[in-house]
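Where a number appears in this text, it was derived from the coordinates with a stated rule and is not lab data. Please read all numbers here as calculations on a predicted model, not as lab measurements. With ideal geometry, Cβ positions are generated from the backbone for all residues, glycine too; neighbour counts draw on all protein chains shown.
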Amino acid sequence: MADTAQLKTDLWKKMAASPFVMFGIDGEHSEPLTAQLDPDQVDTLFFFVGKDNRAAKGGAAMVQFVSKGHDYFACMAGAARIENDFAQIDKLWNKQAEAWFPGGKDDPNLALLRFDIYNAQLWEADMSLSGKLKMLFGGKIKSGEEGSHAAVNTTAES
């Protein structure tokens with residue numbers, strides 16, 4: 001069972017390995033987006049979106065994340081807003097973003113959406129050999145073997 005600090009560290013490692021999330025503004029259906037991670041910004045995710053994307057209106061929002069190995073889950077609540085700081089766009093720009101915005105960093109439809117995390121629920125499954133076997137064959141999961149969970153007000157690692 002991991003402690004809260006380890007869960008936070010694992011969140012950022014797993015998101016770096018697979019930054020694909022479901023993002024939704026309150027009252028709207030979620031949509032898949034690719035999170036841009038800035039290690040210098042705690043509790044913040046960025047997304048390159050079109051100005052015509054429904055997420056661009058901002059407001060209260062939620063982000064759901066499932067790791068590539070399906071052993072880590074996170075639900076993050078916060079607020080989104082457009083932050084078209086060119087220095088931040090330049091810092092986060094990559095080939096994947098370029099594929100969506102053929103006009104590059106100066107594409108007239110480009111918007112940088114900032115998501116500030118207010119709180120989060122983090123879960124990590126027990127993916128040990130015995131845990132996998134129990135799930136595969138319907139074995140009984142005992143107390144303490146269910147994995148780790150934490151409700152946090154910051155995803156900062158320390």
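Side notes on the structure shown:
- Considering only Cα atoms, the convex hull volume of the range 76-119 works out to 85 Å³ per residue.
- Put a dot 7 Å past the Cα of residue 82, heading toward its Cβ, do the same for residue 42, and the two dots end up 3.0 nm apart.
- Computed 3J(HN,Hα) for the range 93-110, one whole-Hz value per residue from the Karplus formula 6.51 cos²θ - 1.76 cosθ + 1.60 where θ = phi - 60°, is 4, 8, 4, 5, 5, 4, 5, 8, 10, x, x, x, 5, 9, 4, x, 9, 6, glycine and proline marked x.
- Once both labels are positioned 7 Å from their Cα atoms along Cα-to-Cβ, the gap between residue 75 and residue 116 label points is 2.3 nm.
- A straight Cα-to-Cα reach below 16 Å connects residue 57 with the aspartates and glutamates 26, 28, 31, 83, 116, residues fewer than 8 places away in its own chain not being considered.
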